[in-house]
1. When region 92-104 is examined, which residues are found to be more than 12 Å from the ligand (Cβ to nearest atom) and either surrounded by fewer than 21 Cβ atoms within 10 Å (Cβ to Cβ) or under 19 Å from Ile64 (Cα atoms) (or both)?
2. Here are the criteria: (1) more than 10 Å from the ligand (Cβ to nearest atom); (2) surrounded by 21 or more Cβ atoms within 10 Å (Cβ to Cβ). Tell me which single one Leu226 does not satisfy.
3. Quick one: Ile64 ticks every box in (1) open to solvent by less than 40 Å² (accessible area, probe 1.4 Å); (2) assigned to a helix (DSSP H, G or I); (3) aliphatic (A, V, I, L, M) except a single one, so which number is it?
4. Among the residues of region 1-26, which ones are more than 9 Å from the ligand (Cβ to nearest atom) and either open to solvent by 40 Å² or more (accessible area, probe 1.4 Å) or in a loop (DSSP other than H, G, I, E, B) (or both)?
5. Considering only region 27-49, I want to know if a residue exists there that is open to solvent by 50 Å² or more (accessible area, probe 1.4 Å), more than 13 Å from the ligand (Cβ to nearest atom) and either of a type outside the set (Asp, Glu) or outside any helix (DSSP H, G or I) (or both).
6. Name the single residue, out of those in region 208-223 being at pLDDT 95 or above, part of a loop (DSSP other than H, G, I, E, B) and within 12 Å of the ligand (Cβ to nearest atom), that is surrounded by the fewest Cβ atoms within 10 Å (Cβ to Cβ).
Amino acid sequence: MSLKINFSNYENIVFFTGAGMSAESNIPTYRGSGGIWHKYKFEEYACQVAFDRDPEKVLEFHKIRRKAVLECTPHNGHHAIAKFERSRGGVSIVTQNIDGMHQRAGNINITELHGSLFRVRCLNHGTHEDLGAFTEFKCSCGQYLRPDITWFGDSLDQGVMEKALSLISSCDLFISVGTSGVVWPAAGFPEIAKKAGAKCIEINPEPSEMSYLYAETIQGKAGEILPDLLL
Ligand code: APR
């Protein structure tokens, strides 16, 4: 990789990450080879209708995912972004990932667009957060605990969306890592950044739906490219 960036030229830097960011931590992506949606139908495991129909089936799926993620660790790419955030101001992470890997690598300024595997909601008592495997399916009040995740057919949390849009429309460097750019509204973020005048860079071993939008595309893996680029 030859791209050199003088980061002191930029005040507000956004890392926009997708499932590919965690692939080298052995967390499967959704649509790549061995992707989650090739193995599980999201209509049966990741939407409100499925949860209403068979909550135990949906909760068992998320329990398996939580357990699998807890057996994985952040890789050099996650650590490079965390070290980069600690080294200067004006660094934000806007992630589509629900795996908590950026947090575990030590990043602070994280906006989770699609929620988290490690939070659940009770209709009566609101959101619970637990970074453990969280085996309980029901709240003490007897309600099933719905994963605090944006499933297919859900709208994004309005507050989260507003925060993401304000970060992206005011950034001057936008670095996208490991997203296929097919899920909206997140897929629209690169264009918003570009229209706001940001320099847009994509890191992905393969072309994505939005590659045409980027000033630079680096074809490579997050864990290999990010340490070189940032440190
Ligand atoms: N480094 C960087 N990128 C990678 C790597 C890697 N090591 N391995 C794969 N990729 C890229 C793939 O080429 C692909 O473009 O990561 C992308 C993963 O795409 P998806 O599986 O579609 O994941 P994502 O874009 O995050 O999906 C968006 O869809 O299923 C919903 O809510 C879910 O947040 C998710 C959203």
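1. Gly100, Met101, Gln103, Arg104
2. Result: Leu226 fails condition (1) only.
3. Going through (1) open to solvent by less than 40 Å² (accessible area, probe 1.4 Å); (2) assigned to a helix (DSSP H, G or I); (3) aliphatic (A, V, I, L, M) one by one, Ile64 breaks only (1).
4. Once the filter is applied, which keeps residues that are more than 9 Å from the ligand (Cβ to nearest atom) and either open to solvent by 40 Å² or more (accessible area, probe 1.4 Å) or in a loop (DSSP other than H, G, I, E, B) (or both), region 1-26 yields Met1, Ser2, Leu3, Lys4, Ile5, Asn6, Ser8, Asn9, Tyr10, Glu11, Asn12, Asn26.
5. yes
6. Top of the filtered list is Gln219.
A quick yes/no check of all residues on (1) over 21 Å from Ile203 (Cα atoms); (2) modelled with pLDDT of 95 or more:
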{"site": "Ser2", "(1), (2)": "no, no"}
{"site": "Ile13", "(1), (2)": "no, yes"}
{"site": "Ile27", "(1), (2)": "no, yes"}
{"site": "His38", "(1), (2)": "yes, no"}
{"site": "Gln48", "(1), (2)": "yes, yes"}
{"site": "Thr73", "(1), (2)": "no, yes"}
{"site": "Val94", "(1), (2)": "no, yes"}
{"site": "Ile108", "(1), (2)": "yes, yes"}
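The values are calculated or read from the model by the stated rules, or taken from the named source; none is laboratory data. Keep in mind that this is a model prediction, so the values were computed, not measured. All Cβ positions, even for glycine, are placed from backbone atoms using ideal geometry, and neighbour counts span all protein chains on display. Calculation scope for accessible area: heavy atoms of the full protein, side chains included, ligands and nucleic acids excluded. Shrake-Rupley method; radii C 1.70, N 1.55, O 1.52, S 1.80 Å.
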